[in-house]
Amino acid sequence: MSTLELLPAVDVRDGQAVRLVHGESGSETSYGSPLEAALAWQRAGAEWLHLVDLDAAFGTGDNRDLVRQVTEAMDIKVELSGGIRDDASLAAALATGCTRVNLGTAALETPEWVAKVIAEFGDKIAVGLDVRGTTLRGRGWTRDGGDLYETLARLDSEGCARYVVTDIAKDGTLQGPNLELLKNVCAATDKPVVASGGVSSLDDLRALSGLVPLGVEGAIVGKALYAKAFTLEEAIAAVAAV
Ligand SMILES: O=C(O)c1ccccc1N[C@@H]1O[C@H](COP(=O)(O)O)[C@@H](O)[C@H]1O
């Protein structure tokens, strides 16, 4: 069985690494320099960094220069997201040298453009399916954007390579991932799924590892690492031992 990939998260708001609760603007806890955080995960053995420009996602500005600096400083793979919604923002994101980008709002609001860039850039494009229940949310998770499974079927038919599935109700809460949601998404697509939201313990990571045969490829880990529920080294060892 393949090993679950771990993607420690650095979410950037107003130049700082932060964690939100349920993705709500104003719920930030700040963890200092995004570059220092990213370098710390790299030193700890991360193979991936999940890097989010939250201001760009919320439409409250952007941290584009800082995100580019962080990406360029990494020797590891970077998944970049937040505010990538048109040709210019996609070109800027890809020019950082990131391994792939994660599109959220655009997949809900400009499906023709997303179909075009999926066709053009293949597996450099992932789509973030950020859901409450089975309703997708865009624009910083503030607006409804349609049904999860209808959108998934559309994106599958367009050749989308990968999905990053976030249960907003779990995100930043340390309450454990929504395993049922992940199983349901994996049953609805043959494409790999990256799980996001709620990881609180090494047991959660072991449970997600159990979904690898179903299609869960990786897990984004945020709050649990910043809150020191476990170290990244412990997480890497835990998923390697499953
Ligand atoms: O990651 C978060 O905590 C988060 C919170 C609120 C909004 C977005 C968030 N993250 C990611 O942002 C991108 C979506 O950005 P966009 O809609 O394409 O501009 C997606 O990866 C979300 O998971």
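The values are calculated or read from the model by the stated rules, or taken from the named source; none is laboratory data. This is a predicted model, so every value here is computed, not measured. Don't worry about glycine lacking a Cβ; one is built from the backbone with ideal geometry, like all the others, and counts go over all protein chains shown.
If I filter the stretch 146-156 for residues that are assigned to a strand (DSSP E or B) and surrounded by fewer than 24 Cβ atoms within 10 Å (Cβ to Cβ), do I get at least one hit?
Yes, the conditions are met somewhere in the stretch 146-156.
Which pairs do you get when a residue that is under 12 Å from Leu136 (Cβ atoms) and at pLDDT below 95, found in the stretch 104-117, comes within reach of a residue that is assigned to a helix (DSSP H, G or I) and β-branched (Val, Ile, Thr), reach meaning Cβ atoms under 9 angstrom, with the pair 6+ apart or on two chains?
Matching pairs, first to second residue: none at all.
Every residue, every condition in (1) within 13 Å of the ligand (Cβ to nearest atom); (2) under 19 Å from Thr166 (Cβ atoms); (3) in contact with a helix residue (DSSP H, G or I) (Cβ under 7 Å, 6 or more places away or on another chain), yes or no:
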position	(1), (2), (3)
Ala44	no, no, yes
Trp48	no, yes, no
Asp62	yes, no, yes
Asp65	no, no, no
Val70	no, no, yes
Val117	yes, no, yes
Thr134	no, yes, yes
Gly146	no, yes, yes
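What are the residue pairs meeting all of these: first residue in the stretch 171-193, first residue within 16 Å of the ligand (Cβ to nearest atom), second residue aliphatic (A, V, I, L, M) and assigned to a strand (DSSP E or B), Cβ atoms under 6 Å, and 6 or more apart or on different chains?
Pro177/Ala195; Leu182/Ala195; Leu182/Val216; Val185/Val165; Val185/Val193; Val193/Val165; Val193/Val216
Do we have any residue at all in the stretch 19-33 that's touching a strand residue (DSSP E or B) at 6+ places or on another chain (Cβ under 7 Å), outside any loop (DSSP other than H, G, I, E, B) and free of Cβ contacts under 8 Å to residues at least 40 places away in the same chain?
Yes, because at least one residue in the stretch 19-33 is touching a strand residue (DSSP E or B) at 6+ places or on another chain (Cβ under 7 Å), outside any loop (DSSP other than H, G, I, E, B) and free of Cβ contacts under 8 Å to residues at least 40 places away in the same chain.
Would you confirm whether or not the stretch 76-97 contains a residue that is within 22 Å of Gly222 (Cβ to Cβ), surrounded by 23 or more Cβ atoms within 10 Å (Cβ to Cβ) and more than 12 Å from the ligand (Cβ to nearest atom)?
Yes.
Would you say Ala73 is surrounded by fewer than 23 Cβ atoms within 10 Å (Cβ to Cβ), over 18 Å from the mean Cα position of the chain (by Cα) and farther than 18 Å from Pro34 by Cα?
no
Within the stretch 33-75, work out how many residues are within 20 Å of Asp86 (Cβ to Cβ) and not hydrophobic (A, V, I, L, M, F, W, C).
11
Which pairs have Cβ atoms under 7 Å, sit 6 or more apart or on different chains, and link a residue in the stretch 208-220 that is more than 13 Å from Val165 (Cα to Cα) to one that is surrounded by fewer than 19 Cβ atoms within 10 Å (Cβ to Cβ) and of a type in the set (Ser, Thr, Tyr)?
Filtered contacts from the stretch 208-220: Val212/Ser2.
Kindly check whether there is at least one residue in the stretch 140-159 that is touching a residue at least 60 places away in the same chain (Cβ under 8 Å), under 20 Å from Gly61 (Cβ atoms) and in contact with a Gly (Cβ under 8 Å, 6 or more places away or on another chain).
yes
Here's the yes/no breakdown for (1) within 15 Å of the ligand (Cβ to nearest atom); (2) at pLDDT 95 or above; (3) farther than 21 Å from Val199 by Cβ:
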residue	(1), (2), (3)
Glu5	no, yes, no
Ala9	yes, yes, no
Ala17	yes, yes, no
Gly23	yes, no, no
Tyr31	yes, yes, no
Glu36	no, yes, yes
Ala40	no, yes, no
Leu51	yes, yes, no
Ala57	yes, yes, no
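Of these, Thr60, Thr71, which one is in a loop (DSSP other than H, G, I, E, B) and either within 17 Å of Trp141 (Cβ to Cβ) or not hydrophobic (A, V, I, L, M, F, W, C) (or both)?
Thr60
What residue, of Val21, Val78, is closer than 30 Å to Glu120 by Cα and in contact with a Ser or Thr (Cβ under 6 Å, 6 or more places away or on another chain)?
It is Val78.
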